[in-house]
Amino acid sequence: DRTPMSTLTLFSPAGALPAATPLRRAAKRLTAWGFEVSIDADALTRDQRFAGSDATRLAVFHRIAKAVPDVALATRGGYGCTRLLDQLNWKAIAHSIEHGTRWVGYSDFTGFQNALIAHAKGLATWSGPLACSDFGRSEAEGGVDDITQDCFLEAMSGALEAVGFRESGAARGIQPFDGLEARGLLWGGNLTVLCALLGTPHFPRVKGGVLFLEDVGEHPYRIERMLLQLQQAGVIDAQAAVLLGDFSGWTRQSTDRGYGLKDAVAALRARTRTPVLTGLPIGHCATKVCLPVGAKVDLFVQGREVILGWQSDHRLAHRHAHPDTAHAH
């Protein structure tokens, strides 16, 4: 008695795909993992740097929301979701989530995910891989990361209820966050995209939350500037904890004179009582976990080991389970 396969739609909400091959490769892999995969009709559409005009991409969101697939996985980020936030039918998006759709992505998708929190409380999307950059790489380019794959499959089955990581910023022998416990709404994502929502109706007003952040190609001084913008706007101080992910792809400058990412983090820590932890495996890196953006989470720290847990949906797990997730735990 075989459980029916999960339906999965690949769609392009923001930047245009430079080539079709990674998309086809991702679709082939996802099919092999047990999903019934469909590629949205406009996934390869191009209009300037975007995956189609604003009207086209807006229609994609609403088309997927109406179809209610088990998984809606973005092909890539780039830029483009911000253009759609004023026009998105949030009730339709909410309806799809309430009926089982898991919207998945990161980077530019951060705008959509946090605007949903602002417009439709109590619903979660998933910060997780992007089809092309995570599942569309050839073996020569490194292929698929095992942890990323396993975490994604477990999350999409509905069974994932915790992720763990090692706090990376503590000085040797010093464990400043040992014993920390916090509970709150999980939100955040890409730092640049989140800061661009400040002052708009699409910025979620979360108090006592767990805020996670990542970015790519931004020099530490720019990261510091955005972190301090959030702190000076009262956002950081209002959180139970801040989790920093991967901040890569930047180049040292001759004017740095030793200044780097650790100094940017130190500048934030010096200005807030909110615990700021580092080392979360999320962002523009090969190994990434899946996180339920908009869900209530529990945070526990023992020594330098950090556990982030939430209540899994076993009803959905039963409905959406497929054979390839059986090994996940």
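For region 159-172, taking the residues that are open to solvent by 80 Å² or more (accessible area, probe 1.4 Å) and out of contact with any Lys or Arg (no Cβ under 6 Å at 6 or more places or on another chain), the one that is modelled with the highest pLDDT is identified as 161.
Evaluate the following for residue 235: is it more than 21 Å from residue 119 (Cα to Cα) and out of contact with any Cys (no Cβ under 8 Å at 6 or more places or on another chain)? For residue 235, the condition - more than 21 Å from residue 119 (Cα to Cα) and out of contact with any Cys (no Cβ under 8 Å at 6 or more places or on another chain) - is not met.
Results for (1) closer than 15 Å to residue 220 by Cα; (2) in a loop (DSSP other than H, G, I, E, B); (3) among the acidic types (Asp, Glu), shown as yes or no for each residue.
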site	(1), (2), (3)
251	yes, yes, no
256	yes, yes, yes
264	yes, no, no
267	yes, no, no
282	no, yes, no
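Among residues of region 106-131 that are closer than 17 Å to residue 308 by Cβ, those with a beta-carbon under 6 Å from a residue that is open to solvent by 10 Å² or more (accessible area, probe 1.4 Å) and not basic (Lys, Arg) at least six positions away or on a different chain give the pairs 124/295; 127/106. For region 93-106, does any single residue satisfy the condition of being closer than 28 Å to residue 81 by Cα, open to solvent by 10 Å² or more (accessible area, probe 1.4 Å), part of a loop (DSSP other than H, G, I, E, B) and at pLDDT 95 or above? Yes, some residue in region 93-106 is closer than 28 Å to residue 81 by Cα, open to solvent by 10 Å² or more (accessible area, probe 1.4 Å), part of a loop (DSSP other than H, G, I, E, B) and at pLDDT 95 or above.
Could you check, for region 301-313, whether at least one of its residues is among the small types (Gly, Ala, Ser), modelled with pLDDT under 95 and within 21 Å of residue 68 (Cα to Cα)? Spell out the reasoning first.
Of the residues in region 301-313, the ones among the small types (Gly, Ala, Ser) are 303, 309, 312.
Then keep just the ones that are modelled with pLDDT under 95; that gives 303, 312.
Those left that are additionally within 21 Å of residue 68 (Cα to Cα): 312.
Checked against the condition, which is being among the small types (Gly, Ala, Ser), modelled with pLDDT under 95 and within 21 Å of residue 68 (Cα to Cα), region 301-313 yields at least one hit.
Looking at 75, 82, just one residue is in contact (Cβ under 8 Å) with a residue 24 or more places away in the chain, among the hydroxyl-bearing types (Ser, Thr, Tyr) and open to solvent by less than 40 Å² (accessible area, probe 1.4 Å), and that residue is 75. Scanning region 50-70 for residues that are open to solvent by less than 30 Å² (accessible area, probe 1.4 Å) and farther than 25 Å from residue 197 by Cβ yields 69, 70.
Taking region 241-256 as the range and being surrounded by fewer than 17 Cβ atoms within 10 Å (Cβ to Cβ) and at pLDDT 90 or above as the test, only 248 passes. Exactly one residue among 213, 191, 197 is over 22 Å from residue 23 (Cα atoms), out of contact with any strand residue (DSSP E or B) (no Cβ under 8 Å at 6 or more places or on another chain), open to solvent by less than 10 Å² (accessible area, probe 1.4 Å) and not charged (D, E, K, R), and that residue is 197. For region 8-49, a tally of residues being open to solvent by 60 Å² or more (accessible area, probe 1.4 Å) and either in a loop (DSSP other than H, G, I, E, B) or of a type in the set (Asp, Glu) (or both) returns 8.
The values are calculated or read from the model by the stated rules, or taken from the named source; none is laboratory data. Remember, it's a predicted structure, so these values are computed and weren't measured experimentally. Cβ atoms come from the backbone with ideal geometry, glycine included; neighbour counts cover every protein chain shown. In case anyone asks, the SASA skips ligands and DNA or RNA and just uses the protein heavy atoms, side chains included. Shrake-Rupley method; radii C 1.70, N 1.55, O 1.52, S 1.80 Å.
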